[in-house]
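Chemist: Got a structure for you, questions after.
What follows draws every value from the coordinates through simple rules; no lab data is involved. Predicted model, so just to flag it, every value in this text is computed and none were measured. As a convention, Cβ positions derive from the backbone with ideal geometry for all residues, glycine included, and neighbour counts pool all protein chains shown.
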Amino acid sequence: MEILYSVYEVLWFVFIVIAGIALIEGYFYYHFQFYDRRWFFPAALLGFPLAGAAGCFAMGLVTEPVRIFLWLLGSEGLIAPFFRHIVKGRSKLAYLLLAPAFIGLALLLVYPFVFEVYLSFSDLKLTTIMQWKNTGYLPFVGLRQYIDVFTTSPLSEVTFWALLGRTLWWTFINVFFHVAGGFTLALLLNNHIRFKGFYRTLLVIPWAMPQVVAVLAMRGEFHAQYGFINIMLGKLAAAYPFLAGLGLGPVQWLSNYPLTTCTLINIWLGIPFMMVVILGGLQSISSSYYDAADIDGASYLQKLRFITIPLIRPVMMPAVTLGTVWTFNNINVIYLVTGQSGGTERADILVSALYKAAFTYNRYSYSAAFAIVIFAILFFVSVFYLKSFDAAKEER
Amino acid sequence: MADVKFSKVTKKFNENLILNGVDAEIRDHEFVVIVGPSGCGKTTLLRMLAGLEEITDGEIHIDNVLVNNMHPSKRQIAMVFQDYALYPHMTVEENMSFALRLRKAPKAEIKERVTEAANILQLTTLLKRMPKQLSGGQRQRVAIGRAIVRKPKVFLFDEPLSNLDAKLREEMRVEIAKLYQRLNATIIYVTHDQVEAMTLAGRIMVMNHGIIQQVGTPIEVYRKPVNLFVAGFIGSPTMNFIRGKLKVEGDKLYLKNDDISLYIPSFLLSKTAEHDGREVVVGVRPDDVLVGGAAREKCSEKLDGMLEVSELLGHRENLYIKVGDTRVLATVEAFFNQSPGSKVAVCFNYENMHVFDKATTQRING
Amino acid sequence: MNKEAAAYRRKKFLKYLLIHAAIISFVVICVYPLLRILSVSIRPGDKLFSTDLALLPKGADFAAYVRLLKETLFLRWLWNSLLITVTTSFIGVSLASTAAYAFSRFKFGGKKGGLILLLSTQMIPAGMLILPLFLMIMKLGLMNTYLGIIIAYSVSSLPFSIWILKGYYDTIPRSLEEAALVDGTSQLGAFYRVILPLSTPALSIAFLFNFTTAWNEYLVARVVLFSSKQYTWTLGLFELQGQYITQWGMFAAGSMLVTIPVLAVFLYSSKWLISGLTLGSVKG
């Protein structure tokens, strides 16, 4: 019964979406098709605000239909002349095809972003959230949240600057090992060897597994007593006492070295993607370059340096960029390893601290400001990076 | 400069026999063109000589040195690839000097050799460009320049002109011929285009199905093809083939089939009686088909044909003539003054007729 | 000559031996954790915590699987995930397919701006939008419902899907549509009858991408869904794993049950998926 109800609920939602799309399409169709008719303005200015206000009121979304009507009238007063005098019915089909996707993006991507900016200048926290939900009242506090981001801890101890440093370190180490490991594996696989397809299939397993399962399973392997890693270390130390003398032995991974644990897990997760991308790049290099280099007398390392690496760069650069952004934004691994109640904050990077500040510590406005700061960092780094990338492209 | 010797060279890919015991000798300063249809193994043979392909069996000697297990760079060869294989991230100059830089040659020498090669190929103004910024013909010249810079014992060309358009191909053909005169090097040149083979080669090596069919000067290969394959492959337009049985009538030998009764003079096949009843294929090049007035003047025995189509090529004209059910192509001086559908007399220039055994496909006349 | 050839062969053989050895050691690292989960899931209850490394435990049984299905809401979680994922993928792909067509085939004002907007949305960290989405869902009263989570998921893969589909449409020659137009379809008809059927591979990639993203999502689900009846499997498994001491075997069993189909689909479609991903990343 419950299952049937859940299907009903979802189907109802799909129906709403389809109806919404139809409404949007109809609305725009009117503006594109009838922009030059004499009754265009009166019908638009009267019809749409009236229908909109009545519809909202009927569905119980608003309590003051007159105010909504005036709002809609105002915006229609801008939209209708725009279509009549500027758009003039051009590219009708293209815009109609684009409208649903872009309205979806505007509502669920752009609006939340703008809302977050707004939120960062106010004071929404656990104690004020019910008031906001019921009345919509948000106190304005200016830049206080931004000042707090830099002066107080986003969690309970760690400071913003420590998080930033840790994030940069985490990103660098991860991407470095992803590329190094992926490159090595791709080079190994790019030989004419037997079982190549079979090896490749097995090597992408960490990437193919659902990330939640992969991370949680690896977390189990780092368990102090029953995890594979410590069992192995213990056995090694028992079998070769001189290794134990060097300090090798079981380690309290999760409590003493949480960041190392997360890094090891994430390296394990990320190598297959790089391997696949680089392997694709390697296979796209025409073999005649290697033939020519053979005749020119290049050794294996020289071929690597003078041919493989320069020719694989165009494929590598976007992949490395993507990998860097993903690693920088990786909440999953860190949260899944350290996110349980009582988990440590010594492994947190900026984004995971952001998530915890919002949903463990319930400091909404604070984490909104925190998010904007992180976004700004990422934005400037990417702009700088893209500029230098363009410059490098121009050079060639 | 050096000579090259293949002895019983065999290549297998898995179970596929690509080359089946190739024996050949290429002399010093010789320009040899290996020609054959695609898939005949000619490129494989070249790549084995370069050391890019493993040798399944047999031996390859360059300058009397066995090179079977020698690294390509040690064989003192240079190769021009079909797709040129110019390193896209290096300038023309860097491309040309790459081998020397790897060998750590002195800078002055590198510069001198690159300049020299650039002068020969008129690349001097392009040295700082990237391969991307060059036209097809220019890239081709850079690829050749890269080979020249290395001063190899043997130059290898792997279908170097196949990526160029028709006009450029003609120009580059002349360039390569000039280059050969200037360098006087040993050149081995692989192509599927028999025109390139005819115009460039000192000797032609015709290959098919991994076997060398015939080796000889262009004239030899053209005038005296040893078998049906060579006869059909060399020459453009393609040779006419007429199938039939040899029959002795009186003391004269005739080729007979349903449509044709063709006199075979005794200077072609002397021991007339021996050939009675033999299944043969007679080949005649379109240039050696005489039609109309010319046929009436020069031949005693004529065939009756019907003109199907005529194609005007300029100063020559292709005539497609039906003799019974056999179609014969004749290339004659323009303008042949008869309309399609009219009856014409046809005969062949007996001196240039080729007779092949149908079963063995080998040539049987002298 | 023979000596030389033999030495050459030996060297080559050694080289391949080394390559295989290196790859196999990497393969072991990649596959071992998965095998360990399998092994834990079939351990008998009393040996759940052992320091034994044998992959096939003594007295293996499927008790953990039976307990998982009987004592937890695992099937319900799977159902929830499936419902949410299929709906979001369906919505996402249908919006993307038309928008990508507009970008691929039409010239219109703001086309370049639109494409740049699409790319720049990729720069917004996903973690950053969870908070405003959470607040919006709360304000709309959709907490702990499918709708709330579907709304949050539905556009997250949209820019990427549009990008992939546009790339694919671009490779379909325009003359095909022109032929359809000459044959009497409308522009939309040409899209529906010619372009869409031809784009099945790209549509499958986009669908699969949407599907895997939503199927494996954890962070949004965690803040929107809070009653265990509404959980997706990711939340359910996390809860089982959190209670490490008691539920380890059931966690492993659940992991196997969700991993095997995902792995099968991924490996089956990996050629497409990878080409799509590299296409997206290289051209992006």
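Chemist: Starting from the Cα of C:I260, step 7 Å along the direction of its Cβ; do the same at A:R313; then give the gap between the two resulting points in nm.
Modeler: The modelled label-to-label distance comes out at 4.9 nm.
Chemist: I've got another one for you. Across peptide A:108-114, what mean number of C-beta atoms from other chains lies inside 10 Å of a residue's C-beta?
Modeler: 6
Chemist: Taking 8 Å as the Cα distance limit and 6 or more residues as the minimum spacing, I'd like the relative contact order of region B:4-233 as a percentage.
Modeler: 29 percent
Chemist: Give the relative contact order (percent, whole number) for region A:2-100; include only Cα pairs under 8 Å separated by 6+ residues.
Modeler: Relative contact order of region A:2-100: 38 percent.
Chemist: If you don't mind, another one. What does the charge add up to near B:K256, with Lys and Arg as +1, Asp and Glu as -1, over the other residues with Cβ less than 10 Å from its Cβ?
Modeler: Residues near B:K256 contribute -1 overall.
Chemist: Mark the label point 7 Å from the Cα of A:I18 along Cα→Cβ and return the residues of region C:71-113 whose backbone N is within less than 20 Å of it.
Modeler: Flagged as within label range: C:83-99.
Chemist: Can you give the average number of partner chain beta-carbon atoms within 10 Å of each beta-carbon in peptide A:295-303, as a whole number?
Modeler: If you average over the peptide's residues, the count of other-chain Cβ atoms is 6.
Chemist: Suppose R0 equals 60 Å. What FRET efficiency, 1/(1 + (r/R0)^6) with r the Cβ-Cβ distance, do B:N20 and C:K58 give to the nearest 0.05?
Modeler: Computed FRET efficiency for B:N20 and C:K58: 0.50.
Chemist: If you filter region B:259-365 for GluC sites (Glu not before Pro), then keep DSSP loop positions with at most 15 other Cβ within 10 Å, what is left?
Modeler: For GluC sites (Glu not before Pro) across region B:259-365 that sit outside H, G, I, E and B with at most 15 neighbouring Cβ atoms in 10 Å, the list reads B:E301.
Chemist: Other chains near C:7-20: what is the mean number of their Cβ atoms within 10 Å of each residue's Cβ?
Modeler: That works out to 2 on average.
Chemist: So, R0 is 22 Å and r is the distance between the beta-carbons of B:V195 and B:T361; what FRET efficiency does that work out to, to 0.05?
Modeler: About 0.40, to the nearest 0.05.
Chemist: Say each of B:N64 and A:T184 gets a label point 7 Å from the Cα, pointing the same way as Cα to Cβ; how far apart are those two points in nm?
Modeler: My value for the distance between the label points is 5.0 nm.
Chemist: Lysines near C:K58 by alpha-carbon distance under 29 Å, same-chain residues fewer than 8 away left out - which ones?
Modeler: Cross-link targets: A:K235, C:K47, C:K70.
Chemist: Work out the length of the dipole vector of region A:255-377 about its Cα centre, built from +1 on the beta-carbon of each Lys and Arg and -1 on the beta-carbon of each Asp and Glu, and round it to the nearest 20 debye.
Modeler: 340 debye
Chemist: Students often forget the sequence filter, so: which aspartates and glutamates lie under 12 Å Cα-Cα from A:K303 once same-chain residues fewer than 8 apart are removed?
Modeler: In chain and number order, the partners are A:D291, A:D294.
Chemist: Between A:V325, A:S288, A:V337, whose Cα lies farthest towards the positive end of the dipole of region A:260-347 when Lys and Arg beta carbons carry +1 and Asp and Glu beta carbons carry -1, centred on the Cα centre?
Modeler: Going by the Cα projections, it comes out as A:V337.
Chemist: Loop only by DSSP, 15 or fewer other Cβ within 10 Å of the Cβ. Give me the chymotrypsin sites (Phe, Trp or Tyr not before Pro) in region C:8-108 that pass, ordered by residue number.
Modeler: Taking region C:8-108 and a limit of 15 other Cβ atoms within 10 Å, the loop chymotrypsin sites (Phe, Trp or Tyr not before Pro) found are C:F49, C:F62.
Chemist: Follow-up. In nm, what is the difference between 0.36 nm times the number of residues separating C:V28 and C:R67 and their Cα-Cα distance?
Modeler: Going from the current span to full extension adds 11.0 nm.
Chemist: Kindly point out which whole DSSP H helices in chain C project their C-alpha atoms 24 angstrom or further along the helix axis while averaging a Kyte-Doolittle hydropathy of 1.0 or above.
Modeler: C:244-283
Chemist: What residue among C:F13, C:S25, C:L56 has its Cα farthest toward the positive end of the dipole of region C:2-61, where the charges are +1 on Lys, Arg and -1 on Asp, Glu, each on the Cβ?
Modeler: Sorting the options by dipole projection puts first C:F13.
Chemist: Would you list which lysines come within 20 Å of A:K133, measuring only between C-alpha atoms, while excluding same-chain residues fewer than 8 positions from it?
Modeler: A:K125, C:K139
Chemist: Put a dot 7 Å past each Cα toward the Cβ at B:E94 and A:F57; how far apart are the dots in nm?
Modeler: Distance between label points: 7.3 nm.
Chemist: Given Cβ point charges of +1 (Lys, Arg) and -1 (Asp, Glu) and nothing else, what value in debye, to the nearest 20, does the dipole of region C:30-149 about its Cα centre take?
Modeler: My answer is approximately 460 debye.
Chemist: What FRET efficiency would be calculated for the residue pair A:Q131, A:Y111, taking the C-beta separation as r and a Förster radius of 22 Å, to the nearest 0.05?
Modeler: So, using R0 = 22 Å, E works out to roughly 0.50.
Chemist: By the 4.7 Å beta carbon criterion, which cysteine residues of the protein assembly as shown come out unpaired?
Modeler: Those would be A:C56, A:C262, B:C40, C:C30, since no other cysteine Cβ in the protein assembly as shown comes under 4.7 Å of theirs.
Chemist: From the residues C:L118, C:S89, C:Y168, which one has its Cα farthest along the dipole of region C:64-283 in the positive direction, the dipole being from +1 and -1 charges on Cβ of Lys/Arg and Asp/Glu about the Cα centre?
Modeler: So the residue we want is C:L118.
Chemist: Shifting gears a bit: Quick one: putting +1 on the C-beta of Lys and Arg, -1 on the C-beta of Asp and Glu, what dipole do you get for region A:94-170 around its Cα centre, in Debye to the nearest 20?
Modeler: In debye, rounded to 20, region A:94-170 gives about 60.
Chemist: Something else now. Of B:K5/B:K74; B:K5/B:K358; A:K88/C:K111; B:K12/C:K12; B:K271/B:K358; B:K247/B:K358, which pairs sit farther than 26 Å apart, going by alpha carbon to alpha carbon?
Modeler: B:K5/B:K358
Chemist: In addition: Using Cα pairs under 8 angstrom and six or more residues apart, how large is the relative contact order of chain C, in percent?
Modeler: Taking the mean separation of contacting Cα pairs over the length of chain C, I get 30 percent.
Chemist: Which peptide among B:188-198, B:100-110 comes first, and what is the full order, when sorted by highest mean count of other Cβ atoms within 10 Å?
Modeler: Listed from highest to lowest mean packing, they are B:188-198, B:100-110.
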